[in-house]
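The block underneath contains the structure these notes are about, expressed in structure tokens.
Bear in mind these aren't lab numbers, they're just calculated from the coordinates by the rules spelled out. Please read all numbers here as calculations on a predicted model, not as lab measurements. For neighbour counting, all protein chains shown are included, and Cβ atoms are generated from backbone atoms with ideal geometry for every residue, glycine included.
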Amino acid sequence: MTDATVVTLARDAVLTILLVAGPALLIGMLVGLLVSIFQATTQIQEQTLTFIPKIVAVLVSIVIFGPWMIRHLVDFADRLLANLPSFIM
């Protein structure tokens, strides 16, 4: 296995991680921002108010984007396993 192969494999793995985790993280961040704006405008400083909407939003995003996430992970695993003999030599 050459250095270029390792770098390419690592790049593909990081890109896959970012693509799979991206939708849930972005939706959680947007909901957190909206809750923060709501708290600032109403001056409600309840700590538990921030967690529940973010948890629900992330779970809903995983339900919505779950099939796409799994398909992307399975495609990456298929490519990895298909190229496994070339990694050994």
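Along Cα→Cβ, 7 Å out, is where each label goes; now give me the distance between the ones at Val60 and Arg79 in nm to one decimal.
About 3.2 nm separates the two model spin labels.
By counting other Cβ atoms within 10 Å of each Cβ, how are Met69, Met29, Met1 ranked from fewest to most? Kindly include the intermediate steps, with their values, before the conclusion.
On the way: Met69 19, Met29 13, Met1 10.
In increasing order of surrounding Cβ atoms, one gets Met1, Met29, Met69.
Beyond 16 Å, what share of the Cα-Cα pairs of the chain remains, rounded to the nearest whole percent?
On the way: 2521 of 3916 pairs.
Of all Cα-Cα pairs in the chain, 64 percent lie more than 16 Å apart.
Between helix 48-82 and the chain, what is the angle of the helix's C-alpha long axis to the longest principal axis, kept within 0 to 90° and rounded to the nearest 10?
The angle comes out at about 10 degrees.
Assuming 0.36 nm per residue, please report the length gained on full extension of the stretch Leu26 to Asp12 beyond their Cα-Cα distance. All intermediate terms of the calculation are to be shown ahead of the outcome.
Details: separation 14, 0.36 × 14 = 5.04 nm, distance 2.06 nm.
Computed gain between Leu26 and Asp12 is 3.0 nm.
Order these by the 10 Å Cβ neighbour count, fewest first: Thr8, Thr2.
Details: Thr8 12, Thr2 8.
So the residues, fewest neighbours to most, are Thr2, Thr8.
Using 1/(1 + (r/R0)^6) with R0 = 41 angstrom and r between the beta carbons of Leu33 and Ile88, what's the FRET efficiency to the nearest 0.05? Could the numbers behind the result be given before it?
On the way: r = 47 Å, r/R0 = 1.15.
After rounding to 0.05, the efficiency reads 0.30.
Using alpha-carbon pairs under 8 Å, 6+ residues apart, how would you state the relative contact order of the chain in percent?
Values: 39 pairs, mean separation 39.5, N = 89.
Value for the chain: 44 percent.
Which of Thr5, Thr16 comes first, and how do the rest follow, when ranked by fewest Cβ neighbours within 10 Å? Walk me through the numbers before you get to the answer.
Details: Thr5 12, Thr16 18.
Least crowded to most crowded, the residues run Thr5, Thr16.
How much mean residue ellipticity at 222 nm does the chain get from its helices, if each DSSP H run of length 4 or more adds -39500 (n - 2.57) and you divide by all residues, to the nearest 500 deg cm²/dmol? Walk me through the intermediate numbers first.
Details: 3 runs with 80 residues, N = 89.
Helix contribution divided over all residues of the chain: -32000 deg cm²/dmol.
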